[in-house]
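Heads up: the structure comes next, in structure tokens.
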Amino acid sequence: MKRRQLLGYMGAGTLAAIGTSMTGTRSWAQSSGVTLRSLGHMSFLITGSGQRILVNPFRPLGCTAGYPAPKVDTDLVLISSQLLDEGAIDVVPGNPQLLYEAGVYEVKGIKFQGISTDHDRKGGRQFGTNVAWRWTQGGLTMLHLGGAAAPISLEQKILMGSPDVVFIPVGGGPKAYNPEEAKAAIKVLNPKIVVPTQYKTGAAKGQQCDLAGVDAFISLMTGTPVRKSGATVSLSKADLPKDGMVIQVLG
């Protein structure tokens, strides 16, 4: 792993109420919105509030073999898992700051809550720990669940809150939610916009891939409107549905 600027850990109790306090970070960050750019799998570049945040860069292999490595300029990298094919810091150019452990952090006026979850259905004994990340950027509360595979506990729910935008794995396999598990997690979180992640696409290119496609999840979410876009979409408070939720598919 390349040398990175590791951010100071503030301690889990320092901002225990972060689920309700993060929206007051800075007034200029409340209404400017964000741009989401899908880089494949569960990797996104999120731009807004004067920061570029890259979540979960990966190495192209298996299910992601056909994607280019996410070699994008960024100010901060958030990592959910340090497995061989995930958390690929070495593909990221420059020397951005890095967060990879659960805890509470602040970067340029934005507070980040890293929430520890299991990366498998065996209490973490197979693939260890996953870190879900919650923060407010461009006036929108974001929650990236990374490779969550276990049901959301009450303690985790308190820290996750009810996000505006949730990035949630839906393709199944041994390391992440299948469609039914994703639907159950969404019911707990009650987000406004759901961005499916970690599902099979043409990038698998005939490689061994244990994920299902996104259509199985969409079919299960009967009655939920679906928006489809290219790899990039801009969102602001005005794009949030007044009632219910919307599924936003990128790519």
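The values are calculated or read from the model by the stated rules, or taken from the named source; none is laboratory data. Bear in mind the structure is a predicted one, so any value in this text is a computation, not a measurement. As a convention, Cβ positions derive from the backbone with ideal geometry for all residues, glycine included, and neighbour counts pool all protein chains shown.
Results, tabulated for the structure shown:
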item	result
Qualifying residues in the stretch 62-90 (those that are touching a strand residue (DSSP E or B) at 6+ places or on another chain (Cβ under 8 Å) and not in a loop (DSSP other than H, G, I, E, B)) - the one nearest to residue 126 (Cα to Cα)	86
Residue tally, condition surrounded by fewer than 22 Cβ atoms within 10 Å (Cβ to Cβ) and either under 23 Å from residue 116 (Cβ atoms) or out of contact with any Lys or Arg (no Cβ under 6 Å at 6 or more places or on another chain) (or both), over the stretch 52-76	10
Within the stretch 165-245, strands (runs of 3 or more DSSP E) holding 3 or more residues that are surrounded by 15 or more Cβ atoms within 10 Å (Cβ to Cβ), touching a strand residue (DSSP E or B) at 6+ places or on another chain (Cβ under 7 Å) and of a type outside the set (D, E, K, R)	165-169, 193-197
Residue check for residue 151: at pLDDT 95 or above and either hydrophobic (A, V, I, L, M, F, W, C) or in contact with a strand residue (DSSP E or B) (Cβ under 8 Å, 6 or more places away or on another chain) (or both)	no
Strands (runs of 3 or more DSSP E) completely within the stretch 109-162 that count 1 or more residues being surrounded by fewer than 19 Cβ atoms within 10 Å (Cβ to Cβ) and either among the polar types (S, T, N, Q) or under 15 Å from the mean Cα position of the chain (by Cα) (or both)	110-118, 129-137
